[in-house]
1. Which whole-number percentage describes the relative contact order of the chain, with Cα contacts under 8 Å and a sequence gap of 6 or more?
2. From the phi angles alone, apply the Karplus equation (6.51, -1.76, 1.60; θ = phi - 60°) to region 151-167 and give each ³J(HN,Hα) in whole Hz, x where the residue is Gly or Pro.
3. Counting only residues 5 or more places away or on other chains, whose amide H sits under 5 Å from the amide H of residue 29 once H atoms are built in the peptide plane?
4. May I ask you to evaluate 6.51 cos²θ - 1.76 cosθ + 1.60, the Karplus curve with θ = phi - 60°, for each residue of region 255-271 and list the ³J(HN,Hα) values in order in whole Hz, giving x for glycine and proline?
5. Find which of 167, 223, 38 sits farthest along the positive direction of the dipole of the chain, computed with +1 on the beta-carbon of Lys and Arg, -1 on that of Asp and Glu, about the Cα centre.
6. List the aspartates and glutamates whose Cα sits under 19 Å from the Cα of residue 181, skipping any in the same chain fewer than 8 residues away.
7. Within the P(r) computed for region 2-89, what percentage of the Cα pairs occupies the region above 16 Å?
8. Can you run phi through the Karplus equation (6.51, -1.76, 1.60; θ = phi - 60°) for region 191-204 and list ³J(HN,Hα) in whole Hz, with x for Gly and Pro?
Amino acid sequence: MKLVMLARNPNLYSHRRIIEAARQRGHEIDVVNTLHVHMNITSSKPTLMYGGRNLPCYDAVIPRIGASITPYGLAVLRQFEMQGVFPLNESVAIGRSRDKLRALQLLAREGIGLPVTAFAHDPRRAEDVVKAVGGTPCVIKLLEGTQGRGVILAETAASAKSIIEAFSAANMNILVQEYIKEAGGSDIRALVVGRAVVACMKRSGRNGDFRANLHRGGRGEAATLTEEERKTALRSAEVLGLNVCGVDLLRSHRGPVVIEVNSSPGIEGMEAASRVDVAGAMIDFLEKTAQPGETRTRGVKG
């Protein structure tokens, strides 16, 4: 196959491993900087330009679009889809997952376990929002935050109100969620490829930090999913229409609850903890699945 990866930094571990896995299996793969692609949106003949030339025909596109360039990255990916190039993850599905509120609404509609979550625009409703999630401590999240940034644990009602008012004054949209104390500052990431969980790990935050993100100094170790956790991860990917994603779960007294679904998961920590060739699983999926023009989004409508 002839593959193309949309990535601004080909030297990241995840990107190097995907390139390596593709070439080991005998495929060609080009890496193009997403922001350097420009589009000719012509009726019946959409084209993509890179370095002053039309990009060649590809069998599949692997989007590794950073959160900060989501709108432009999705526009480029849609152009590939218009040309009939098979995407590892479709633009609509990525858009769903990047909009945290929309993703939670879709998951909730399908009955998937979630932390109690509240959302309000008016900072004068801060006390009501905190009460809705069971009071403090509670977790306050920026809708645009990634890798644990913009996630704050409010210990008291007064601090929660101050944080909500401060974010509102800066015109930042936030979610307020219940704090799952029994999770103990750890979460489970399940890596879904196709219809299977190919790897999983337990992530624990560094001392004094309730966030378990590896980018924040957390640590990862091999973990085994329960059958309920496995089904929750697979159903979450299906609802959002994602072929590849990292589903982050907390273990609560009422069962697994999903805190986030990442459409462009890093694989360095996962491969180190699980000893699974995650990059290879992604390429294997494309080998079995990629067909020209097959860009219909899976999952529920919305």
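1. 19 percent
2. With the stated coefficients, region 151-167 comes to 10, 10, 9, 8, 7, 10, 4, 5, 5, 4, 4, 5, 5, 4, 5, 5, 5 Hz.
3. Here the answer is 3, since their amide H atoms fall under 5 Å of that of residue 29.
4. x, x, 10, 8, 9, 6, 10, 9, 7, 9, x, x, 10, 4, x, 5, 5
5. Towards the positive end, the residue furthest out is 38.
6. 155, 209, 229, 248, 260
7. Working: 1926 of 3828 pairs.
The share of Cα pairs beyond 16 Å in region 2-89 comes to 50 percent.
8. So the Karplus estimates, Gly and Pro as x, are 9, 9, 10, x, 9, 9, 8, 8, 7, 8, 8, 9, 10, 10 Hz.
Where a number appears in this text, it was derived from the coordinates with a stated rule and is not lab data. Since we're looking at a predicted model, the values are computed, not measured. For neighbour counting, all protein chains shown are included, and Cβ atoms are generated from backbone atoms with ideal geometry for every residue, glycine included.
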